[in-house]
Each structure stands twice: as structure tokens, then as C-alpha cells.
Amino acid sequence: MPRAAIAAAGFTAMLNMYAPQAVLPLMSAEFGVGPAAISQIMTVNALAVALTAPFTGVIADVLGRRFVIAIAIALLVIPGVMMSFSGGLEALLFWRFVQGLLLPPIFAVSVAYIGAEWPADKATAVTGTFIAATAVGGFTGRMLTAALAEPIGWRNALFADAAITALCALVVIALLPRERSFVHGTTLATSLRQMLSHMRNPRLVATCGVGFGIMFNFIAAFTYLGFRLAAPPFNLSTAAIGAVFITYLSSIITAPFTGRLVSSLGRRNFGLIALAFWMGGILLSLAPSLPVIVFGLLMITAAGFYVQVCCQSFVATNAREGNSSAVGLYVTSFYIGGSFGGLIPGLLWSNTGWPGVVALIVAMLLIMAGLVRFAWRDA
């Protein structure tokens, strides 16, 4: 039952984070703005996550992880409902920002909960289950919202997502047990000092850099690929673009095996292999064939979630103290990467189109490979 509750938490967070992504072209048309402007819907959400994440870890170290997770999921229903009633882009951006503020208490603290409540030899496998659930949530957010947007409009589709969030909140409250291994921080100041001490750990900082690249690449790829597929020669409908995101479900099969693969290959070797696989996938997306692009997306999502599980399990199990604050630091860099991943490719899009976005992602993957070689040299 604890695994089911953890999975529900991960599902809920990603459902809300990615719900608007597949309907951005519809929003762009309704509000009369271009791809770079409408992509702010993804950028402000990621920025809010980055701003909240470190403080979430500190608060969780003091108040308790289960309490923070449950409250955040319950409150997440509010911005979800308000987004569906937003009359303009400014109001929608505001509620997306509020929504982002509530996401780190769910996924960052859930990872810390896993690291504390399961033994180190099992934590990677449980993290894999959690990551797989986030993948299902990300897919459901995109696919369900896109599928509902055509018959009932994107506003009603977002309202449906809020209703699902309310159901998931009930599941987490009912099934997630209180911590057995949690030790309350003595003071808020102590937890803050622990978080700052993590920034003096070069391997942890390098792992945070890898996390920055993961989210940067995911947001860049899946946000701007939607605009490419909506334009000639593909001319895909909103529902069809949402269906393309079924590739996210590949991680359900791949992520739970990460623990076994890391044990046999070593974290660094496995991470480098996954990054090479990721690079191959993004290069395939340049093809003029939709089946080839979809296959490339399968490679991207599988590799990306492999690297994500490696990063999160490393952070959760290697922090000497202040486990929640260490994960919060990682999530901050992860979602700062997401905010840049929504913004910087938009600056390239008007001049270079999709090839420029791909080149940017390849450059980021090379930087990530260098960080992996350093951070996980004996992991």
C-alpha cells in the first residue's frame, strides 16, 4: 500500500505539470500569441517549482514528509480548477505559477520519503516505481487533456484533470503511512544549514547539473515538437499530438529495471550509455517520417527516465543528513532547467526551427555526459 500511495503522488504531480502541453497550439490560437509566448505556460510552472523546492525540503525536514505531501496534493485542486476558468493568458499564467508552487511538496518530498523509509538496496527499485508513475501521470495529463479538448474544449479538459487530482489526494491521505525513520529537524535554521552544506558537495552539485539537463531537454523537446507536428507536412490534430505522447509510457517498462542495471553496469557506465541512447533518439526526430519520430521519442523517454532514476536515487541515498533538503536542492536545479528549456528554444525557434532545438539538446547531453563521468566515478 505505501508503494501505491507513492505512485499516486507521482502520478498526480506530473498529471498537473504536463496537462497543458499538448493543447498549447489551441491556447496559442485562442489567445492570439506565438509559440514562444504561449510556452510561458510551461516556463512559469517550472520556475515556480524551482523557487519552492529547496524550502519544501526544509519544511518537510521539520514538519514531516507525509503531512507535507498530503496537504500539497489537497491544495493542488484549487489552481487546477481556477485555470479552467481563466479569462485571459495573464490569469492562466498566474494559476500555473501557483500550481507550480505546490508541486515540490509532492514529488521532491516523495523521493526523500522513499530514501528514508526503504533500505538503500531497495530504494532505487522503489524510486523506479515512483518514476514510472510520474511517466503515467505525464502521459495522462497530455493525452487525456488533448483527447477531451476537441469535444469539450481545453478549459473543461483542465477541470477534468482537477477532478482526478482530488481523487488522488484521497488515495494518498488514506494509504500513505506515517514515517518510521523520520527524525524531525531541531529547527528550521538547522535544516537550512543542512541544505547549504549540500552545495559544498561537488558530486551532489554535479548530479544537480545532470538534473538541470534532464528537465531542460524534456521541456524543450516535448514543447516544441508539438508545434512541429501541428504544422505541415504533418498537420496533426490536437488529439493526435496527444497520442504521440504515449511514448512516455515506455518508462513503465524500463524504469523499474534501473536498480538491476545499475548494480550490474555501475551507475556511471549505465548513465553514459543512457545519454548516448538519448542522443540517438533526438537525432531521429529530425526525420520527415512520423513513425521514425515516434521511435525516437521512445528512445528519448526511456533514456531520460533511466538517467532521472539514477540521479534521484543517488541524491536520496548519499546525503549524509538533511535528506529532504538535499532532494529539494536537486529538484530546484531540475526545474530551473525546465524553465530554461521552455524559454531558450523559443528564442531559437523563429530562426532555426526544430533543427536548432535539436542542436541545443545535443549540446546539453554532451555537458551532462561530462558531469556524469565526474559525479558517479565510483557509484
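Things to note:
- By the Kirkwood approach, averaging reciprocal distances over each pair of separate Cα atoms, the range 1-87 gets a hydrodynamic radius of 14.9 Å.
- 10 Å-binned pair-distance histogram of the chain (Cα, whole percent): 6, 26, 36, 24, 8, 1, 0
- Förster radius 25 Å - calculated FRET efficiency between Arg193 and Asn318 (Cβ-Cβ, nearest 0.05): 0.85
- A compact globular protein would have a Cα radius of gyration near 2.2 N^0.38 Å; the ratio found for the range 1-46 is 1.53.
- In the range 188-249, trypsin sites (Lys or Arg not before Pro) in a DSSP loop with at most 12 other beta-carbon atoms within 10 Å: Arg200
- Full extension of the segment from Asn156 to Arg3, taken as 0.36 nm per residue of separation minus the current Cα-Cα distance, would add 52.0 nm.
- Computed over protein heavy atoms with a 1.4 Å probe, the carbon and sulfur contribution to the accessible area of the chain reaches 71%.
- Solvent-accessible area per residue, Å², over the chain with all protein chains present [probe radius 1.4 Å]: 37 Å²
- Here the chain is assigned +1 on the Cβ of each Lys and Arg and -1 on the Cβ of each Asp and Glu. Its dipole about the Cα centre then comes out at about 780 debye.
The values are calculated or read from the model by the stated rules, or taken from the named source; none is laboratory data. Everything quoted here is computed from the prediction, not taken from an experiment. Using ideal geometry, Cβ is built from the backbone for each residue, glycine included, and neighbour counts are taken over all protein chains shown. Remember, those area values only see protein heavy atoms, side chains included, never the ligands or the DNA or RNA. Shrake-Rupley method; radii C 1.70, N 1.55, O 1.52, S 1.80 Å.
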